Every structure is written in C-alpha cells, then in structure tokens.
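Structure first, commentary second.
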Amino acid sequence: MKYLFGPVNSRRLGLSQGIDLLTTKTCNFDCIYCEVGGTSIHTCERKEYTPTAEILAEIDGLLAQDNLAKPIDVFTITAMGEPTLHTGLGEIIRHIKDKTGKPVAVLTNGAMMHRQDVRLELQAADIVIPSLDSARDESFRKIDRPAQCVDLEEMIEGISLFCREFSGQVWLEFMLTKNINDQPSDIEALKRTIMRINPERVQLNTVVRPPLESFAIPLTHKELSHIAEQLPGKVEIIASFAKREHASRRPPEQDEILEMLQRRPCTASDISEALNLEPAQTGRLMEELVDQGTVLKILHQDKTYYQPPH
C-alpha cells in the first residue's frame, strides 16, 4: 500500500495501524535527529499534498478485507514530514472514526497548532502527541532547524490552547540530544512550559535510530531518568522499546518489511517485534536482502540497522 503500513506493535499505542499522509519529506522542521532523511519541502503552507481520496480508498480497502483478523488497537496518523500540513487531515480522522469507532492518534511536531483550523481538525482525534524539543529558542533552532515561518512562542501557545480545548489526551514528547537541548537552562525552561501546557503525560525520548546528523548523540537512561525527576506531572521515558511476549510469531514477508523500512531504519529485532515475526527467520531474511542489494546494513551505536538504498 502507498499510504497505509502495519499494523505494527507500538511501544506507546499497542497494535497500531499506521497511515502516512505524505510521500515526500515535507515539513516545517529539518530535525538533526530525523530518521527518514533531510526535508525536501521546507514549508508552513497547508494544502492537499497527496490525494485525500486515495488515502480514504486505501483505508476502506483495508476494512473490506475478510481476513482482517488482527485486533487493531488504534489508527495512528503520521507522515513523511508533518501531517498537519495536509489539509485532508480532519476528513481522514473523521472517516476512520465513522467507519471503525477505533481510537485515532496523531503524531505532530506541534508547529501548526497555533492555527485554529488545525486545532479544529485535531479535535476529532482521541490522542494527540505533539513534540516540543526545546522551550528555548536557541536550542530549538539547533535541534529542529525550523523554517523561517515557525515561531517558538506561537507554537507553545498553540499547544497550550489546544490542551485547554481538547477533550481527548495530549501526550507531550521531548526528544533530547546530548549537549544541544539537555542543559540546566533547557530543563528549567521545559519545567515552566510543561506547567503552562499541562498535558496528560510527558514523554522523554532520545536518539535511538540512525539520525540525519552524526552529531545528534543520545542520552543514557541514567541521564534521562535524572531529567525526568526534575519535571512536573506524569513523566515517562519511552526511548527504549520494551520487549513483549506474543502468543504466536509468524514467518516474515519481504514486502511488509520493505514497506516498514521505507519509513525508518530498523534492526532485525525492531522488525520482528513490530510485525510479530519469527526472529531467527527475520534475521536470515534481512541478510539475504543485504546480499541481494535490496537493503543496506549500517552500524549505529553498536547496533545493526537496515534501510533501503538511497
């Protein structure tokens, strides 16, 4: 499928059916830690970047499958870039809710939430997960490298306003990188901003997969824990993927693995866990794909990741 991927086992959301609204990296950020490469279209312009009708048709096609036996917990809307740039977002959320009654989560960088039209469209979702990597302008510009049209104070006010308006849950995520947005002044600014926004929960993350820039270095679990202790509210560390036991593992299928790798580099363990595949068979298939030149193997932080050739 062009826009749908998974379902995958999400460490935060359970069994998640992914929906990718953009097929070209279109974003108002160009984050140093991004795992899907540099931004091709650096913009704040909202428009229909992909045909909304095609996305809805793929969703309907999935729901029409007689063998759709996987108990999907949530539909997760994301993008090759920033999903709120796509003007069909609200229609897609409402379509899923009308057709399935399942919860809908939206992953966003939060930069467009100062706009009333964006906030109104997001109202139809159940969970919104905006990221806020720094509440200090200097650090924000170093880590997220926003387009000139993005204003940090406007962005924070937009997220805060949405939290007051929204009847669902807002989980505020912070991606922390070594020596860029983890200094005492950054953490103090985050504390004040969390109290201002008052999200349902705060989630701390760090660089796990191979980043866009080599200087995007992860924090240790100890460092994340120390920061978590300083922040108000319900704070979770989500950087490590918690392994879960599954009732039955199935043999790997090449097409779904390649579809997953189009969206992010993964280890063989990531792939088998996310897609509920038999680990040993998945490892062997990945080596076969490397030998064929279908995927590339890269080493990052002492782990082997796989990604499509660029």
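The values are calculated or read from the model by the stated rules, or taken from the named source; none is laboratory data. Predicted model, so just to flag it, every value in this text is computed and none were measured. Neighbour counts run over all protein chains shown; Cβ positions are idealised from the backbone, glycine included.
Key figures
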| quantity | calculated |
| --- | --- |
| Residue in the stretch 137-162 that is nearest to Thr206 (Cα to Cα), counting only those that are among the charged types (D, E, K, R) and surrounded by fewer than 18 Cβ atoms within 10 Å (Cβ to Cβ) | Lys142 |
| Answer from Ser131, Ser167 - the residue that is of a type outside the set (A, V, I, L, M, F, W, C), exposed (fewer than 15 other Cβ atoms within 10 Å of the Cβ) and either in contact with a His (Cβ under 6 Å, 6 or more places away or on another chain) or touching a residue at least 40 places away in the same chain (Cβ under 8 Å) (or both) | Ser167 |
| Test: residue in the stretch 117-124 that is acidic (Asp, Glu), surrounded by 19 or more Cβ atoms within 10 Å (Cβ to Cβ) and more than 24 Å from Gly37 (Cα to Cα) | yes |
| Filter result (of a type in the set (Val, Ile, Thr) and at pLDDT 95 or above) within the stretch 20-40 | Thr26, Ile32 |
| Condition check for Ser225: at negative phi, part of a helix (DSSP H, G or I) and in contact with an Asp or Glu (Cβ under 8 Å, 6 or more places away or on another chain) | no |
| Residue under evaluation Ser214, criteria (1) out of contact with any Ser or Thr (no Cβ under 6 Å at 6 or more places or on another chain); (2) small (Gly, Ala, Ser); (3) part of a loop (DSSP other than H, G, I, E, B); (4) touching a residue at least 24 places away in the same chain (Cβ under 8 Å), criterion not met | (4) |
| Some residue of the stretch 267-278 being assigned to a loop (DSSP other than H, G, I, E, B), under 30 Å from Arg192 (Cβ atoms), without any contact (Cβ under 8 Å) to a residue 40 or more places away in the chain and out of contact with any strand residue (DSSP E or B) (no Cβ under 6 Å at 6 or more places or on another chain) | no |
| The stretch 83-117: number of residues that are under 15 Å from the mean Cα position of the chain (by Cα), under 22 Å from Ala57 (Cβ atoms) and small (Gly, Ala, Ser) | 1 |
| Lone qualifier among Thr39, Thr84, Thr23 - being part of a loop (DSSP other than H, G, I, E, B), touching a Ser or Thr at 6+ places or on another chain (Cβ under 9 Å), surrounded by 19 or more Cβ atoms within 10 Å (Cβ to Cβ) and free of Cβ contacts under 8 Å to residues at least 60 places away in the same chain | Thr39 |
| Condition check for Gln148: more than 26 Å from Asp30 (Cβ to Cβ), assigned to a loop (DSSP other than H, G, I, E, B) and either over 19 Å from the mean Cα position of the chain (by Cα) or in contact (Cβ under 8 Å) with a residue 40 or more places away in the chain (or both) | no |
| Residues of the stretch 243-258 satisfying the condition of being at pLDDT 80 or above and either assigned to a strand (DSSP E or B) or crowded, with 18+ Cβ neighbours inside 10 Å (or both) | Ile257 |
| Selected residue (criterion: surrounded by the most Cβ atoms within 10 Å (Cβ to Cβ)) from residues of the stretch 103-112 that are outside any strand (DSSP E or B) and in contact (Cβ under 8 Å) with a residue 40 or more places away in the chain | Ala111 |
